[in-house]
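All remarks here apply to the structure that follows.
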Amino acid sequence: MSDLFRVHHLDRTTREERIRRFCEECISVIPEKNLSDGLTLEIGCGHGHWLTAYSETLPNEPCIGIDLITKRIEKSNIKKTKRKLPFLFFFKTEAVEFLRCLPETIRIKRSIILFPDPWPKKRHHKRRLIQRPFLDLLAARSVPNAELCFRTDHQDYFSWSVDQVNGADSWHIDPDAVWPFEHETFFQNILPEYQTFIASHHYNPF
């Protein structure tokens, strides 16, 4: 259930269907009342250290972690199983495709992005996750007043991301917002310093 790309050469329709099926399996074990406020999504969850620790403090909150590396997802699922966290799920997939295929019955209340690849070379900036189309898509799949929590050690990527958020219609950076849960990760342990912002989702039904 956790590896989207284990079967190679799948066409796009098949990948989308597998994402939907994974989400439906998640929904099937989560009480409706627990889903009513939305779920927490960590994009680039690594080995699941942060999200597993977060889920331990809020075991009734539905959480999904996604990453592109199979071994990371496998290790994350081992942590989930050992700690017996029934509403925590890890899945191998790409962020934009996952959001596009998310069923209408699932909405996100908090998105976590910790130390993403900064793609430092200018010719690679188009590969950065924080872009206007991504922010618009994330907003469309989020509940009103949802949070986007972002942390990086790369100054240029931080500035870039702030500019992208400031230019988006659906998000604004909240200087008074508090990071939802502090738990050291591998990168956070080895990095001398980092920067953080939390953006709130502007909800406009019209």
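Per residue, the accessible area of the chain comes to 53 Å², computed with a 1.4 Å probe over protein heavy atoms only.
Scanning residues 5 or more positions from LEU39 or on other chains, those with amide H under 5 Å from its amide H are ARG107, ILE108, LYS109, ARG110, with H placed 1.01 Å from N in the peptide plane. Roughly what % antiparallel, to the nearest 5, for the DSSP beta bridges in the chain? DSSP beta bridges in the chain are roughly 30 percent antiparallel. With a cap of 14 neighbouring Cβ atoms within 10 Å, and only residues DSSP puts in a loop, list the trypsin sites (Lys or Arg not before Pro) found in the range 114-200. For trypsin sites (Lys or Arg not before Pro) across the range 114-200 that sit outside H, G, I, E and B with at most 14 neighbouring Cβ atoms in 10 Å, the list reads LYS121. Estimated from helical segments only, the mean residue ellipticity of the chain at 222 nm is -11000 deg cm²/dmol, where each DSSP H run of four or more residues counts as -39500 (n - 2.57).
Sites listed here are trypsin sites (Lys or Arg not before Pro) in the range 33-89 whose DSSP assignment is loop and whose Cβ has at most 10 other Cβ atoms within 10 Å: LYS84.
Once Cα extents along the principal axes in Å is worked out from the coordinates, which option in [x] 58, 48, 33; [y] 45, 39, 39; [z] 55, 43, 34 does it equal? This structure yields the entry labelled [y]. Annotation: amide H of PHE90 within the under-5 Å range of GLY65, sequence separation 5 or more or interchain, hydrogens built in the peptide plane. Charge dipole (Cα centre; +1 on Lys/Arg Cβ, -1 on Asp/Glu Cβ; no other charges) of the chain amounts to roughly 780 debye.
With the simple model of a label 7 Å out from the Cα in the direction of the Cβ, SER36 to ALA140 spans 2.8 nm.
Shown for the range 132-181: the carbon plus sulfur share of the solvent-accessible area, taken with all protein chains present and a 1.4 angstrom probe, equals 48%. Given their separation in residues at 0.36 nm each and the Cα-Cα distance between them, THR14 and HIS124 gain 36.7 nm when the chain is fully extended. In this simple spin-label model, placing a label point 7 Å from the Cα along the Cα-to-Cβ direction at both GLU74 and SER159 gives a separation of 4.2 nm.
The values are calculated or read from the model by the stated rules, or taken from the named source; none is laboratory data. Here the structure is a predicted model, which is why all the values come from computation and not from measurement. Cβ sites come from the backbone with ideal geometry, for glycine too, and all protein chains shown count toward neighbours. Note: accessible area is taken over every heavy atom of the protein model, side chains too, but ligands, DNA and RNA are not part of it. Shrake-Rupley method; radii C 1.70, N 1.55, O 1.52, S 1.80 Å.
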